[in-house]
Amino acid sequence: MKKEYLSISEEIQTAIDEGKPVVALESTILSHGMPYPQNVEFAHKVEEIVRAEGAIPATTAIIGGKLKVGLTSEELEIMCKAENVGKVSRRDVAVYLASGMTGATTVATTMLIASLAGIRFFATGGIGGVHRNGQETMDISADLQELANTDVCVVCAGCKQILDIGRTLEYLETMGVPVIGYKTDDFPAFYCEKSGFGVDYRAEDPEIIAKIMKTKWDLGLKGGAIIGNPIPHEYGLDFDYMEKVISASIEKANQKGIRGKNITPFLLADIKDSTGGESFASNLQLAYNNARVASKISVAYSKL
Ligand code: PSU
Ligand code: MN
């Protein structure tokens, strides 16, 4: 039944069937998180990095009424051009499939599709979370619920300071999602190596993370985990500097009355403009680094 909605590339299906390492990649980061045509180069390079580590990349999207797992160059181009490409979170999935609309998958939806396909590991940039003033607006990303319910391990550089990082971590604790720092005690803040908030556990190598995930899923403890992988030191931006930039962007969004699913893409674009491309260079590097670590973990997992 579910299979009829999935369209998995032959290479990825074979890898899944043979228990080989596969790493899911999202498309919202392409369509709504990065400018064209730089995102095309990114989309290809991130896949090459996964391959170089010995895993198979599986970029996901919704195209032509199917949940696509593994995109052709033409399909990557469509996602990067992002003409009439919506941002698809869990609530949007059935609508997009039934009506044949093209959709970029968020962290939540990529996890959902990965899990339907049998993929356990996923690399992204940053996750969504509790927005600042979320206690008033109730703007809490569906990514957090997905992490609580769907068995996929997400490697990310934490979340951006556009969010309320403290409340995001509290929410994850309530939902039973382990937050593990990869070679760090500090939860990363996307462009910045440290957020000032601690992680629950620190892991020194991919093997222990693979073992933790296997143990969690063997026990039937549903849901994923967050692996917080800090941006490489040389690309990290200053926390206080980014705080100023982000506060100004949030102020702008409030004045324009931007809300809901549009707020994250608005802030991402505005921050990019006001840092004159500096943040974009960091964004690329942290995402590559996450692809590398997710691949290493999936390779270790495939050996268990
Ligand atoms: N944060 C980023 N870059 C991104 C996103 C979040 O730093 O590209 C995207 C991811 O796809 C994430 C989504 O799943 O935004 C969260 O959106 P929302 O807050 O509307 O749930
Ligand atoms: Mn939201």
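The values are calculated or read from the model by the stated rules, or taken from the named source; none is laboratory data. Model, not experiment: these values are computed from the prediction. Cβ sites come from the backbone with ideal geometry, for glycine too, and all protein chains shown count toward neighbours.
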| query | In the list THR168, THR102, which residue meets the criterion of being surrounded by fewer than 23 Cβ atoms within 10 Å (Cβ to Cβ) and at negative phi? | reply | THR102
| query | In the range 39-60, what residues are farther than 25 Å from ALA281 by Cβ and within 16 Å of ligand 1 (Cβ to nearest atom)? | reply | ALA58, THR60
| task | Out of THR109, THR124, report the one residue that is within 19 Å of ARG51 (Cβ to Cβ), modelled with pLDDT of 95 or more and not aromatic (Phe, Trp, Tyr). | result | THR124
| request: Those residues that are more than 20 Å from LEU268 (Cβ to Cβ) and in contact with a strand residue (DSSP E or B) (Cβ under 9 Å, 6 or more places away or on another chain), I need them from the range 147-166; list them, please. | output: LEU147, VAL152, CYS153, GLY166
| Going by the conditions given, is ALA287 aliphatic (A, V, I, L, M), surrounded by fewer than 19 Cβ atoms within 10 Å (Cβ to Cβ), in contact with a helix residue (DSSP H, G or I) (Cβ under 9 Å, 6 or more places away or on another chain) and part of a helix (DSSP H, G or I)? | no
| note | Counting only residues that are among the β-branched types (Val, Ile, Thr), under 20 Å from LEU144 (Cβ atoms) and assigned to a loop (DSSP other than H, G, I, E, B), the range 173-222 contains a total of 2
| Within the range 251-267, which residues are among the basic types (Lys, Arg), farther than 13 Å from VAL88 by Cα and assigned to a helix (DSSP H, G or I)? | LYS252, LYS256
| With SER31, SER27 as the choices, which residue is farther than 29 Å from PRO206 by Cα, at pLDDT 95 or above and within 14 Å of the chain's Cα centre (by Cα)? | SER31
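How about the range 243-270: which of its residues are under 13 Å from GLN161 (Cα atoms), away from ligand 1 (no atom under 12 Å from the Cβ) and among the aliphatic types (A, V, I, L, M)?
VAL245, ALA248, ILE250
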| task | Kindly check whether there is at least one residue in the range 79-99 that is away from ligand 2 (no atom under 16 Å from the Cβ) and part of a strand (DSSP E or B). | result | yes
| For the range 49-63, does any single residue satisfy the condition of being under 26 Å from ASP270 (Cα atoms), of a type outside the set (Asp, Glu), within 16 Å of ligand 2 (Cβ to nearest atom) and touching a residue at least 40 places away in the same chain (Cβ under 8 Å)? | no
| So TYR36 fits all but one of (1) within 16 Å of ligand 1 (Cβ to nearest atom); (2) assigned to a strand (DSSP E or B); what number is the exception? | (2)
| query | On the given criteria, is ARG120 within 16 Å of ligand 2 (Cβ to nearest atom), more than 12 Å from the chain's Cα centre (by Cα) and not acidic (Asp, Glu)? | reply | no
